[in-house]
1. If Arg75, Arg287, Arg260, Arg127 are ordered by their accessible area, calculated over protein heavy atoms with a 1.4 Å probe, which sequence runs from highest to lowest?
2. Relative to the first principal axis of the alpha-carbon coordinates of the chain, what is the inclination of helix 136-145, with its axis defined by its Cα atoms, in degrees from 0 to 90 and to the nearest 10?
3. What order do Arg313, Arg215, Arg105 take when sorted by accessible area (1.4 Å probe), most exposed first?
4. So what is the accessible area of the chain per residue, in Å², with the probe set to 1.4 Å?
5. If you find the alpha carbon centre of the stretch 215-236 and of the stretch 259-283, how far apart are they in angstrom?
6. Sorted by accessible area with a 1.4 angstrom probe, largest first, how do Asp290, Asp104 fall?
7. What whole-number distance in Å separates the alpha-carbon centres of the stretch 4-72 and the stretch 92-129?
8. Which one, Gly92, Gln34, Val178, projects farthest toward the positive side of the charge dipole computed for the chain from Cβ point charges (K/R +1, D/E -1)?
Amino acid sequence: MEHNPQLPALIGMTLDQLTKVVLSGGMPKFVGKQLAEWLYKKKVTSFEEMVNISKKNREWLSDNYVIGREAPESRQKSSDGTVKYLFNVGSGRNIESVYIPDRDRATLCVSSQAGCKMNCYFCATGRLGFKANLTPAQIINQILSIPPVPRNGETPATELTNVVFMGMGEPLDNLDAVLPVIEIMTASWGMAWSPKRITVSTVGKLPQLKDLLDRTQVHVAISVHTADPVEREQLMPAQKAFPIGNVMKLLSGYDFSHQRRLSLEYIMWRGVNDDIAHADLLVRMTRGLDCRVNLIRFHAIPGVELRPSSDERMLMFRNYLNSKGVTATIRSSRGEDIMAACGMLAGKKQ
């Protein structure tokens, strides 16, 4: 899309950083704000489109920087309308983003890393191991580039209404890149989104979780999956470093009773964590915490011997939680036929 990929990318830069760029090129300070508008509001892909910036200044910018936009390499469309996009992030690595249309909503599930260090037993990304942190440019590029311009004869995709950091990687393991992306998305000079349209999912990495809570107003989703700490450590090695009890203690110091929302993610496995005893553990763990529990169907991946709970067991579990005053819902499964559902992203070329 652009020549000389060795040059630094402008997308992923905050207003302060863009202002430093234009000042270093001898331009007036206000050009930084113009640049932010072209990149994040108008989503341009070339310097020539920046018509209120002088030709001389555009030439200086193109000599020293690239915009940084990269189109997805490929896409797969599910029978349910979900679309999975593959992006090349260099060094032979790929990451995936998932676009999920649902009536008047359109959610994009973005990746923050290639691979993941957390090594959760049940997750295809975790089983890849860690490959690389994505840069702010590589993260925001997913958001700016999807939904793409429709192909011939296609119905235009619904503009994004929500973004969830639930793709490949642990977002809080790359917080230095995730925070500027959130700033770009929510600042008046950037995309001007409400932080309530953004959810960051995490295994509960501390102390980065506290940083996220203190520095943003985005929704938070905690990957719990079992309230039994011994069992959780077997499934999620991160439990050893970041015990779920410590995570809950931290969360109890924040107010989730108004607009900001706290969700607990709970994948259900047959005969592992789907009985009343596990539901009771979850009720006790969430006591006094304003949250909702999302019950998630397990999607089988190669090399993992876990099996999904039955629909009847999931309904029983949900109803039991609700009867104990814990708001619980069963998340609808999307994109399983194209390996785009929860826990299935592996960055493989189709």
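The values are calculated or read from the model by the stated rules, or taken from the named source; none is laboratory data. All of these numbers come straight from a predicted model, not from anything done at the bench. Ideal geometry is used to build each Cβ from the backbone, glycine not excepted, and the neighbour counts take in all protein chains shown. Please note that ligands, DNA and RNA were not included when accessible areas were found on the heavy atoms of the full protein model with its side chains. Shrake-Rupley method; radii C 1.70, N 1.55, O 1.52, S 1.80 Å.
1. Ranked from most to least accessible, the order is Arg287, Arg127, Arg75, Arg260.
2. 90 degrees
3. Result, largest first: Arg215, Arg105, Arg313.
4. Spelled out: the 1.4 Å probe surface of the chain, per residue, equals 46 Å².
5. Here the two parts' Cα centres lie 10 Å apart.
6. Highest to lowest solvent-accessible surface, that is Asp104, Asp290.
7. Using only Cα atoms, the two centres lie 29 Å from each other.
8. Gln34
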